[in-house]
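Undergrad: My structure is below; once you've seen it, I'll send some questions.
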Amino acid sequence: MQRIIRKITSYFSPSKTQTHPAKPSIPQAPKVIPRSEHGISRREIDKSALDVLYGLKRAGFEAYLVGGCVRDLLLGLEPKDFDVVTNAEPEEVKEVFKRRCQLIGRRFRLAHVRFGRTVIEVATFRGQGKEQAQRQDFFGRKGKQSGKAREVDDSGRLLRDNVYGTIDEDVWRRDFTVNALYYNIKDFSIIDYTDGLQDIKNGTLRLIGDPETRYREDPVRMVRAVRFAAKLGFNIDKSTEAPIEELGHLLKDVSNARMFEEVLKLFHSGAGVQVFEKLRHFDLFTYLFPITEQLLHEELEGFPRMMVIKALKSTDLRISEGKSVNPAFLFSAMLWEPMLQRKQAHLDSGMVHQDAFFAAANDVIEQQIRSTAIPKRFTAQMRDIWNLQNRLSKRQGPRAQKLIEHPRFRAAYDFLGVRVAAGESELKKLFDWWTEYQEKDPVDQVAFANAVEKKPQKGRRRRQNRNFYRKRSQKKSDSSGSTKSSD
Ligand code: ATP
Ligand code: MG
């Protein structure tokens, strides 16, 4: 893919073959790119982030921007947030910013500095351990000593990391080379230990250090690789890519609360469709949405893949238009077909419609939260979005007004639109009706709703579901009981 690097001027030498950078045993001279040779201007840096950088500098500390913000500024993209790293310990950061500063996290202690609604995250350089923390960095500066240790479990997973150090220790703990560039507030230069600038230029995502070890330390790095590759349009370096499929199962050990956060970052990145395709390519989707993956394996007539794709397309579009996105909408779409399948099973076992729906919604939510802990306020909204799908067809007379006042009406209406786009063409008339209704002024809305025929659209979806799931079970038995059909 052709990428235009707006920012980097004269730094790069011709491309060379690279292996993944390994941590050197003695401090190594980084490349320092002076202000005149890169294009990051202070005008593009968030004012609060600059205040934090200057505040730390005035107090005698080192302060750098690091991570996604440096990467994105170099790529000419707007950073999502600005992360600061310093040699000041969290308590010292608190001293500098006093009441603006809150210390958070026990396993990874961090400072949050607040300016109105903006929060700037300030991390202290992470180091290697006691002996190393006492050593000097390449620039002759001393590392900080911390009483708290690093903790690693039997599988190599990093459980706690409050060992402070110097910049040239901190850099090797970061995930990808393109995320390990430091913008120095002292002289506005960029410090590059891992050839991250070259990787930005080449559009390559490369883990720092030995990929397998780094994934074992923190399996979430696998989904981060997918997210950055999709969002930035980068290629994942071969050795970074190679262990993913085999190590994907390690994601099962990550807490479901963290997985929920990661799912939002993945699918609200603005590149949700590519993220979805890549997650499936690496067989990682199954650790995020196992019951959806199960149905995707049994895919028939485009279901449920189209529903997922169309929902993600609509989310990507909203993000590109700067509109808000709702986690409940995402999860409703991902779990819609599994929910319908369960509902059909409950109907077949003799339950009445509404009971079958509630039981099915409970079933799928209960199963899903084992992988991604969905907060209660969102599961309540998911139930509303699903429940309203049925109610939207009953719009005669005053019902329409009541429905439009429902707090989840808009999400339910958008959801209906996604279903139409995904192939449920028989719902198009209903969707268009609601579109027209919303465009009318209140007096005309009454007349419009009164003109709806009373005849309910009885059993349509049910019939359709029956046929769909009947065909599915037929197909399953045709493929001699295998759950993985030929998709
Ligand atoms: P985004 O655009 O999503 O903010 P980001 O690269 O800034 O991307 P953050 O999650 O904000 O990602 O993290 C900031 C930086 O912290 C990263 O760029 C990386 O250097 C480091 N980092 C974050 N998560 C990890 C991790 N799991 N392992 C190693 N380093 C990490
Ligand atoms: Mg960030």
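The values are calculated or read from the model by the stated rules, or taken from the named source; none is laboratory data. Everything numeric here is computed off the predicted structure, so don't read it as measured data. All Cβ positions, glycine included, derive from the backbone under ideal geometry; neighbour counts span all protein chains shown.
Undergrad: Got a sec? Which helices (runs of 4 or more DSSP H) wholly within region 339-426 have at least 1 residues that are among the polar types (S, T, N, Q)?
TA: Hits in region 339-426: 353-368, 376-391, 398-404.
Undergrad: Of all residues in region 56-67 being more than 13 Å from I40 (Cβ to Cβ) and crowded, with 22+ Cβ neighbours inside 10 Å, which is farthest from ligand 1 (Cβ to nearest atom)?
TA: Among residues in region 56-67 that are more than 13 Å from I40 (Cβ to Cβ) and crowded, with 22+ Cβ neighbours inside 10 Å, the one farthest from ligand 1 (Cβ to nearest atom) is L56.
Undergrad: So is S324 surrounded by fewer than 17 Cβ atoms within 10 Å (Cβ to Cβ), of a type in the set (S, T, Y) and farther than 20 Å from V220 by Cα or not?
TA: yes
Undergrad: Picking from V85, V119, which residue would you name as being free of Cβ contacts under 8 Å to residues at least 24 places away in the same chain, in a strand (DSSP E or B), assigned by TED's automatic domain parsing to the domain that holds E169 and within 14 Å of ligand 2 (Cβ to nearest atom)?
TA: So the residue among V85, V119 that is free of Cβ contacts under 8 Å to residues at least 24 places away in the same chain, in a strand (DSSP E or B), assigned by TED's automatic domain parsing to the domain that holds E169 and within 14 Å of ligand 2 (Cβ to nearest atom) is V119.
Undergrad: Might you check whether a residue that is under 21 Å from A257 (Cβ atoms) and either in the same structural domain as I404 (by TED's automatic domain parsing) or over 18 Å from the mean Cα position of the chain (by Cα) (or both) occurs anywhere in region 334-347?
TA: Yes; the residues of region 334-347 include at least one that is under 21 Å from A257 (Cβ atoms) and either in the same structural domain as I404 (by TED's automatic domain parsing) or over 18 Å from the mean Cα position of the chain (by Cα) (or both).
Undergrad: Does G248 fit the bill of being more than 10 Å from ligand 1 (Cβ to nearest atom), more than 19 Å from K23 (Cβ to Cβ) and surrounded by fewer than 19 Cβ atoms within 10 Å (Cβ to Cβ)?
TA: In short, no.
Undergrad: Would a scan of region 96-110 turn up a residue that is crowded, with 19+ Cβ neighbours inside 10 Å, among the basic types (K, R), away from ligand 1 (no atom under 14 Å from the Cβ) and modelled with pLDDT under 95?
TA: Checked against the condition, which is being crowded, with 19+ Cβ neighbours inside 10 Å, among the basic types (K, R), away from ligand 1 (no atom under 14 Å from the Cβ) and modelled with pLDDT under 95, region 96-110 yields at least one hit.
Undergrad: Another one. Of the residues P456, P442, which single one is exposed (fewer than 12 other Cβ atoms within 10 Å of the Cβ), more than 31 Å from the chain's Cα centre (by Cα), at pLDDT below 85 and closer than 30 Å to R318 by Cα?
TA: Checking each option against the conditions leaves just P442.
Undergrad: If V352 satisfies every condition in (1) under 17 Å from the mean Cα position of the chain (by Cα); (2) without any contact (Cβ under 8 Å) to a residue 60 or more places away in the chain but one, which is the exception?
TA: Single failed check for V352: (1).
Undergrad: Find all pairs meeting these conditions: Cβ atoms under 7 angstrom apart; at least six residues apart or on different chains; first residue within region 45-60 and among the polar types (S, T, N, Q); second residue surrounded by 19 or more Cβ atoms within 10 Å (Cβ to Cβ) and outside any loop (DSSP other than H, G, I, E, B).
TA: S48/I120
This table checks each residue for (1) over 27 Å from A333 (Cα atoms); (2) within 13 Å of ligand 1 (Cβ to nearest atom).
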{"residue": "Y193", "(1), (2)": "yes, yes"}
{"residue": "G196", "(1), (2)": "yes, yes"}
{"residue": "V226", "(1), (2)": "no, yes"}
{"residue": "D237", "(1), (2)": "yes, no"}
{"residue": "S269", "(1), (2)": "no, yes"}
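Undergrad: Could you identify the single residue in R395, R399, R410, R391 that is out of contact with any strand residue (DSSP E or B) (no Cβ under 7 Å at 6 or more places or on another chain), more than 16 Å from F331 (Cβ to Cβ), free of Cβ contacts under 8 Å to residues at least 12 places away in the same chain and in the same structural domain as S314 (by TED's automatic domain parsing)?
TA: On inspection, the qualifying residue turns out to be R410.
Undergrad: Separate question: So which residues in region 91-109 are in contact with a Cys (Cβ under 9 Å, 6 or more places away or on another chain) and within 19 Å of G165 (Cα to Cα), if there are any at all?
TA: Passing the criteria: V93, K94.
Undergrad: Now for a separate question. Given the condition in a helix (DSSP H, G or I) and within 16 Å of ligand 2 (Cβ to nearest atom), answer yes or no: does some residue in region 154-169 qualify?
TA: No: zero hits.
Undergrad: What about S189, is it at pLDDT below 95 and farther than 23 Å from L110 by Cβ?
TA: No; evaluated as a whole, the condition is false for this residue.
Undergrad: Can you find even one residue in region 222-234 that is farther than 25 Å from K23 by Cα, surrounded by fewer than 18 Cβ atoms within 10 Å (Cβ to Cβ) and among the charged types (D, E, K, R)?
TA: Within region 222-234, not a single residue is farther than 25 Å from K23 by Cα, surrounded by fewer than 18 Cβ atoms within 10 Å (Cβ to Cβ) and among the charged types (D, E, K, R).
Undergrad: Which residues, counting only those in region 203-219, are of a type outside the set (D, E), surrounded by fewer than 20 Cβ atoms within 10 Å (Cβ to Cβ) and assigned to a helix (DSSP H, G or I)?
TA: T213, R216 - these are the residues of region 203-219 that are of a type outside the set (D, E), surrounded by fewer than 20 Cβ atoms within 10 Å (Cβ to Cβ) and assigned to a helix (DSSP H, G or I).
Undergrad: Please specify each residue of region 72-82 satisfying the condition of being more than 8 Å from ligand 1 (Cβ to nearest atom) and either within 15 Å of Y182 (Cβ to Cβ) or in a strand (DSSP E or B) (or both).
TA: Across region 72-82, the qualifying residues are L73, L74, F82.
Undergrad: Inspect region 80-88 for any residue being modelled with pLDDT under 95 and loosely packed, with under 15 Cβ neighbours inside 10 Å and give the result as yes or no.
TA: Checked against the condition, which is being modelled with pLDDT under 95 and loosely packed, with under 15 Cβ neighbours inside 10 Å, region 80-88 yields at least one hit.
Undergrad: State the number of residues belonging to region 167-185 that are closer than 13 Å to V85 by Cα and touching a helix residue (DSSP H, G or I) at 6+ places or on another chain (Cβ under 8 Å).
TA: Qualifying residue count, region 167-185: 7.
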